[in-house]
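Below is one structure, written out as structure tokens; comments come after it.
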Amino acid sequence: MGWSYCVLWFLYLSTSECWQLPDTEPVIHGEVQSPQYPQPYYPNLLKQWHLWVPKGYQIQLSLTHLDIKASAGCYEDSLTVLDDQKILEKFCGQANSTDHPGKEPILSQSNRLTLIFQTSGSTAELQQHTGFSATYKAIDVDECLKPDPGHGSGPPCTQICINTPGSYRCSCHHGYKIHLDQYTCLLSCGDCIFDKHKGKLFSPGYPGPSPPFLSCKYIISVEPRFTVTLNFTDKFHIKSVDTEQGPRCLHHWLQVTIPDREPMKLCGGKSPGLIATNSSTVRLDYHTDDEGLSHGWGLEYTTNEVKCPFLGNVSKGRVTPVLNEYFFRDYIYVTCDQGYRLMMDGHEISTFSAMCQSDGQWHLPLPKCQITFDCKADGKWRSKHSDVIPTCIPVCGKPTKQIAAYQRIIGGKEAPDDTIPWQVLLSVDGHRAGGMVIADRWILTAAHVLKHNGNITSSEAVRAYMGLTNIKGLQLSPLNAASVHVHPEYNNPNGLNYNHDIGLVKLQEPITFNSSIMPICLPAEDATYVTGMMGMVSGFGLTDLGRRKSLTNKLKYVQLPVVEQEECSNSITLAKRTRKYLPNLTNNMFCAGVPEGGKDSCQGDAGGPFVLRDDGQFWAAGIVSWGVDCGQQGTYGVYTRVANYLDWIKKTMQEN
């Protein structure tokens, strides 16, 4: 409801101003301060505040600071508190002086208070009194403690009074019903449904005798996320009949029915005590006839909300709020420490919250907090706040663009930009070869690319190109090698032993990662090569131009399945019938390709990547090693099994 008031104030000039307040809503809490607070107030002030809260509430006003010029009876400067034009308090002086009443917080009788702050003209212009500061909040009135004005001086309800925010309501003992006047309880024994989270149930007339011929039904039904517990009082008496089989509930009984369980018939003089139903719905049927007399029963029921477990802590982050227990519809939030970002399933998220569900589980698992560093052109990782050089693990195997459908290298499709960002073109003694980025200064390739006639190529003869899919552009920005490393067990002087065909090139300067240059993931410790799993091989090697093959200037790719090891071995054995000198297949190798041919890697692709995809992330499964021709029917490409060399790769990188 809208209302208006005038506020008059005088700042050395006798001026006044009045305005109509817009429609406002009552508030629950707030703060009031004298003008200029905490600076000294001016003379000739008259300021009013009209505070109001919703009906059914009182206002509790607390003075948090008081420094008003003291005078006899607070005649000159004062703060006056009124409730319906009645003065409750008048303040001046200081909080620690004898002039200040220093009482407990002021409690209004209604839902409104008026504050008037007035200063006299005799206040010195440079006085140092700062005025006052006060807070107020709405306090719910407990109407159940007050007599009901409509019923004289008696209680507001004949049986049960329930205080509610801003009001109250009357209720009756179970077995009774509320009259239309919403005040009087009348005896009843009809169908009753109780959907509150706690309550009390009694047989009609309890603790007095139950009337005969009762057939009462009580249903407790709450939300499925709650379970009901019954707690019977000690005064329990339902007439039973002694038989040879023991007491039986023949004429009087209370039957408790819980879904999916056998009903329980209760009678006798012993209270059942506590019954945990583990259900959100319970039905009670009370039956009496004129055979004998029962003094009835009473119980209090409560509900327990489904709880969700504590999910734990987040490294470099914080879970809020921290509670002893989490219930249905509770939310938790996760924020990361400065310099870290929220990550979920490998993707950055801006915010995180999870809700406790009715099944007792959170609807999302906890995210991770990972350090937020940008890789700069100087090869250093920088946070937004300081230059540091931490141990960084870049995102691997997740190109920013995806290839819609793989095609074949020989006569195949050109790779779009940013789809194979780990691809490296190596120039070794002027010969073209392939490689793949596995860290900011490391390239993985084949040993036979780096070692010829028993001699390892010098680092000065190795150039690396990456970031583009066209050789003409790549040649503008070569990276120089700092060192070359070949597996110590690789020994292939006559081209017939490609076992341990794996090597590493360390670069002189760190790579600047971006959408065009990104590392491929190394295999997991438990990586498996499943027959028929489709992988992708890429390179700048030979491509099919009709009857002749030529080196391509564009990066190309092909999709090839992993071949069963025995099938691969058999194909090599068959090829040896017509070719006297062919290498042997070892467990450090695997094959990929199709039996009909037409799809394969070829010369110039050597050392390049064969990658598999797992859960949206590519990993380095193989290195292009050797083969019988290129894409011929009945032959396959042979690749170094990278998963067998994780220890050597990590050791070499750590020691160099």
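What follows is calculated from the coordinates using simple rules that are stated; it is not laboratory data. These numbers come from a predicted model, not from an experiment. Methodologically, a virtual Cβ is constructed for each residue, glycine included, from the backbone with ideal geometry; neighbour enumeration extends over all protein chains shown.
Points worth noting:
- Relative contact order (percent, whole number), segment 192-241, Cα cutoff 8 Å, 6+ residue spacing: 45
- Sequence-distant lysines (8 or more away, or on other chains) whose Cα lies within less than 19 Å of Lys217: Lys177, Lys196, Lys198, Lys200, Lys239, Lys265
- Per-residue ³J(HN,Hα) for segment 229-234, Karplus 6.51 cos²θ - 1.76 cosθ + 1.60, θ = phi - 60°, Hz, x for Gly and Pro: 10, 9, 10, 6, 6, 5
- Among the listed pairs Lys576/Lys650; Lys413/Lys506; Lys580/Lys651; Lys451/Lys651; Lys401/Lys554, those beyond 28 Å (Cα-Cα): Lys576/Lys650; Lys413/Lys506; Lys580/Lys651
- Neighbour counts of C-beta atoms inside 10 Å place His129, His65, His363 in the sequence His363, His65, His129, starting with the fewest.
- Distant-in-sequence amide H partners of Ala606 (H built 1.01 Å from N, under 5 Å): Gly434
- FRET efficiency for Leu145 and Glu509, using Cβ-Cβ distance with R0 set to 60 Å, rounded to 0.05: 0.15
- P(r) tail fraction, segment 413-652 - alpha-carbon pairs more than 21 Å apart, %: 53
- Built amide H within the under 5 Å cut-off of Met518, gap 5+: Trp422
- Estimated FRET transfer efficiency when R0 is 25 angstrom, pair Gln632-Ser569 (beta carbons, to 0.05): 0.90
- Simple spin-label estimate for Gln617 and Asp260 gives 3.9 nm between the two label positions (7 Å along the Cα-to-Cβ direction from each Cα).
- Within segment 307-371: Cβ-based charge dipole about Cα centre, in debye rounded to nearest 20 (Lys, Arg +1; Asp, Glu -1): 120
- Summarising the label geometry, the points placed 7 Å from Cα in the beta-carbon direction at Gln109 and Ala72 lie 3.1 nm from one another.
- Relative contact order computed over segment 413-652 (Cα-Cα under 8 Å; 6+ residues apart), in percent: 22
- Put in line by how crowded their Cβ is, counting other Cβ atoms within 10 Å and starting with the fewest, His431, His287 read His431, His287.
- Protection proxy ranking of 507-517, 293-303 - average other beta-carbon atoms within 10 Å, highest first: 293-303, 507-517
- Averaging the sequence gap over all C-alpha pairs within less than 8 Å and six or more residues apart, then dividing by the number of residues, gives segment 307-371 a relative contact order of 38 percent.
- Förster-model FRET efficiency, 41 Å R0, Ser315 and Glu223, C-beta, rounded to 0.05: 0.70
- Calculated from backbone phi, Karplus (6.51, -1.76, 1.60) coupling profile of segment 615-621 in Hz, x at Gly/Pro: 6, x, 10, 7, 9, 6, 8
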